[in-house]
Amino acid sequence: MKVGEAARHNPDLRSYHEAMPDPLDWLNDALADLDERTLRRTRAARQSPQRGDHLVIDGQSLINFGSNDYLGLASDPRIIAAAHGAIDELGWGAGASPLVTGRSQLHAALERELAGFEAAEAALLFPTGYAANVGAVTSLVGKGDAVYSDALNHASLIDGCRLSGATVHVYPNDHAAGSRQNDLERLEVLLREGGRFRRKLIVTDSIFSMHGTYAPLCGLTHLAGKYGAMLMVDEAHATGVVGETGRGICESSCDDGITLRVGTLSKALGGMGGFVAGSQKLIDWLANRARPYIFSTSAPAAVAAAGLAALKIIRDEPERRVSVEAKAIELRRQLVVKGVIRPTSSSHIIPVILGQPARALAAAAELRRRGFFVPAIRPPSVPEGESLLRISVTALHTNQQIDDLVAALCDVAR
Ligand SMILES: *Cc1c(COP(=O)(O)O)cnc(C)c1O
C-alpha cells in the first residue's frame, strides 16, 4: 500500500503520517545514481508475438536482433496447438509444487524426453533455467566445499554459488584472447591449492550469454578429472542450436567427464522452463534437495506440452540449426571485414563491444531509429567498461536483413 493511503481515509492519521519519514526515501538517491551512470533500465512492452526476426514495440515495427528465439519456435503453430490441447485436457494452473500434486503426466513425459535428448539417465524439470542453476549448485556444494566459477558466468550460476555457502573461487575469462590457456592455468592453481575442501564443483556457461564465446570444455573436463571435481555445464544458449542433434557444445567437444548439464526451454525451445540432466542418482538427489524445485509451484502442464512439441521439431528439423549457424558465420564474417568487431565470438550471439554504457545506449537508439531492435547490454550484465550491443541471429533472419544490419552498424558502431 502506498504510504499515507490509510491516512487519506482517516483524518486523525493524516498529520501522523505527514510527520513520518518515508522509509523508501533512500531510493530517490539510488535511482538518481543509476540515472547518472546511464544504468537505469526502462521496460518496453512488446505488442506483437515474439518472433526471432520481427517485433512491434511502442507501435514501431522492427527487425528483431534481440531475441533468444534462435530457431523461430516461440510462435510456431504446432507448439501453440500442443499448448492449447494440454489446457483443454489438463486445465491451466498446476496448483501445487511437483512433490505434492503439481507434476502431471506431461511433466513426467517431458523429463523422460529430455533425458533421451541429452543422452543422460535422467532429467529434472524446473520452472526456469534460473531455478535449475540455483537448485543444482546449492544441492551439490555447501559449507566446507569449494566452487570454481568462470568470471563471465550467468547471474543464475553466480547466485547459486553465493547461496550455496561454499567458498567461491572466480577464475578469469579473457574473452578477447585467442585461447583460454591462461584462464585454465589459473583455475588449475586454484584447484591444486584446494586440498582442504570436502567437495569441489566447477561451473561454467557453455556459450557465454553476452559474449557469445565457447567455454573450453575439454580443458575443463581434464582439470575436473585430475582434481576430482564435479563439472556443471550450463548450455542455456546452446540447447537445441549447437551440436549434431542439438544437445549443445558438449556434443561436438568433450562430453564425457561432464557431471551434469543444465539447459533451458526458454530460448531455442521457444517456451519456458529449465532442466538438469545427469545420472539417476544425481536427479534423485536434486528432487530431494533443490529448494527451487521443491518449494515452487510446477509450471502449467501446457508448458510441458509445448516443450515436448519443441523437442520433436528440434529432432525432425535439423535444418533450423544449420541455418542459424550459416547466418551467424556470414554476419560475423561481414562485421570482421568491415572492422566492426574483432574475430573473437564464435556463436549466434555476436557482441559489438562499445565500452561506456552511454555509447551502447546511443548506438541502440540509432539502430532503432533505422528499424532494428538490438539491445544495449550494460553492467551488471557485463563487466564495467564492456557495455555492448548484443546481436542474436536466428533461423528466421533473411540474408537481406543481415546485410542491412551490417550497413547500419558500419555507421553506428565503428
Ligand atoms: C537465460 C539463461 C539462464 C536462465 O534461463 P531461464 O530459463 O531464462 O531462466 C541460465 N543460464 C544462462 C547462461 C542463460 O543465458
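The values are calculated or read from the model by the stated rules, or taken from the named source; none is laboratory data. Here the structure is a predicted model, which means the values were calculated and not measured. Every residue, glycine among them, receives a Cβ derived from its backbone with ideal geometry; neighbour counts consider all protein chains shown.
Annotation note: Cβ proximity below 6 Å between a residue of the range 152-181 that is at positive phi and a residue that is away from the ligand (no atom under 15 Å from the Cβ) (sequence gap 6+ or interchain) occurs for Gly165/Gly142; Gly165/Lys143. Residues that are more than 16 Å from the ligand (Cβ to nearest atom), surrounded by fewer than 21 Cβ atoms within 10 Å (Cβ to Cβ), at pLDDT 95 or above and hydrophobic (A, V, I, L, M, F, W, C): does the range 272-293 have at least one? Yes, the range 272-293 contains a residue that is more than 16 Å from the ligand (Cβ to nearest atom), surrounded by fewer than 21 Cβ atoms within 10 Å (Cβ to Cβ), at pLDDT 95 or above and hydrophobic (A, V, I, L, M, F, W, C).
Looking across the range 327-373, the residues that are in contact with a Leu (Cβ under 8 Å, 6 or more places away or on another chain) and assigned to a helix (DSSP H, G or I) come down to Leu331, Leu335, Pro357, Ala360, Ala363, Ala364, Leu367, Arg368. Tally time: how many residues in the range 130-144 are more than 11 Å from Arg261 (Cα to Cα) and in contact with a strand residue (DSSP E or B) (Cβ under 8 Å, 6 or more places away or on another chain)? Matching residues across the range 130-144 total 6.
Considering the range 122-172, and only residues there that are out of contact with any Lys or Arg (no Cβ under 8 Å at 6 or more places or on another chain), part of a loop (DSSP other than H, G, I, E, B) and of a type outside the set (Lys, Arg), the residue that is farthest from the ligand (Cβ to nearest atom) turns out to be Gly142. The set of residues in the range 251-271 that are within 16 Å of the ligand (Cβ to nearest atom), hydroxyl-bearing (Ser, Thr, Tyr) and within 17 Å of Thr204 (Cα to Cα) contains only Thr264. Can we say Ile63 is among the β-branched types (Val, Ile, Thr), modelled with pLDDT of 95 or more, under 25 Å from Ser298 (Cα atoms) and within 27 Å of the chain's Cα centre (by Cα)? No. Do we have His175 as within 16 Å of the ligand (Cβ to nearest atom), at pLDDT below 95, assigned by TED's automatic domain parsing to the domain that holds Tyr130 and out of contact with any helix residue (DSSP H, G or I) (no Cβ under 7 Å at 6 or more places or on another chain) here? Spelling it out, His175 is indeed within 16 Å of the ligand (Cβ to nearest atom), at pLDDT below 95, assigned by TED's automatic domain parsing to the domain that holds Tyr130 and out of contact with any helix residue (DSSP H, G or I) (no Cβ under 7 Å at 6 or more places or on another chain). Considering His211, His237, the condition of being modelled with pLDDT of 95 or more and not in a helix (DSSP H, G or I) is satisfied by His237 alone. Considering only the range 302-317, I want to know if a residue exists there that is surrounded by fewer than 17 Cβ atoms within 10 Å (Cβ to Cβ) and either in contact with an Asp or Glu (Cβ under 7 Å, 6 or more places away or on another chain) or small (Gly, Ala, Ser) (or both). No, the range 302-317 contains no residue that is surrounded by fewer than 17 Cβ atoms within 10 Å (Cβ to Cβ) and either in contact with an Asp or Glu (Cβ under 7 Å, 6 or more places away or on another chain) or small (Gly, Ala, Ser) (or both). Against the test of being farther than 20 Å from Ser296 by Cβ and crowded, with 17+ Cβ neighbours inside 10 Å, the options Ala94, Ala120 yield a single qualifying residue, Ala120.
Checked against (1) on the phi < 0 side of the Ramachandran plot; (2) surrounded by fewer than 23 Cβ atoms within 10 Å (Cβ to Cβ); (3) in contact with a helix residue (DSSP H, G or I) (Cβ under 9 Å, 6 or more places away or on another chain), Arg359 passes all but condition (3).
The set of residues from the range 59-106 being closer than 21 Å to Lys312 by Cβ, within 16 Å of the ligand (Cβ to nearest atom) and in contact with a strand residue (DSSP E or B) (Cβ under 9 Å, 6 or more places away or on another chain) comprises Asn68, Asp69, Tyr70, Ala74.
Check the range 42-49 and report whether any residue there is more than 26 Å from the chain's Cα centre (by Cα) and hydroxyl-bearing (Ser, Thr, Tyr). No; the residues of the range 42-49 include none that is more than 26 Å from the chain's Cα centre (by Cα) and hydroxyl-bearing (Ser, Thr, Tyr).
Residues checked against (1) under 21 Å from Gly270 (Cβ atoms); (2) assigned to a loop (DSSP other than H, G, I, E, B):
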{"position": "Ser48", "(1), (2)": "yes, yes"}
{"position": "Tyr70", "(1), (2)": "yes, yes"}
{"position": "Ala96", "(1), (2)": "no, yes"}
{"position": "Leu106", "(1), (2)": "yes, no"}
{"position": "Ala109", "(1), (2)": "yes, no"}
{"position": "Arg112", "(1), (2)": "yes, no"}
{"position": "Ala115", "(1), (2)": "yes, no"}
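Would you be able to tell me the number of residues in the range 247-271 that are within 13 Å of Tyr70 (Cβ to Cβ) and surrounded by fewer than 23 Cβ atoms within 10 Å (Cβ to Cβ)? Number satisfying all stated conditions: 1. When Asp145 is tested against (1) more than 19 Å from Leu282 (Cβ to Cβ); (2) among the charged types (D, E, K, R); (3) surrounded by fewer than 22 Cβ atoms within 10 Å (Cβ to Cβ), only condition (1) is not met. Does at least one position in the range 336-356 carry a residue that is within 23 Å of Glu244 (Cα to Cα), aliphatic (A, V, I, L, M), surrounded by fewer than 16 Cβ atoms within 10 Å (Cβ to Cβ) and not assigned by TED's automatic domain parsing to the domain that holds Ala236? There is no residue in the range 336-356 that is within 23 Å of Glu244 (Cα to Cα), aliphatic (A, V, I, L, M), surrounded by fewer than 16 Cβ atoms within 10 Å (Cβ to Cβ) and not assigned by TED's automatic domain parsing to the domain that holds Ala236.
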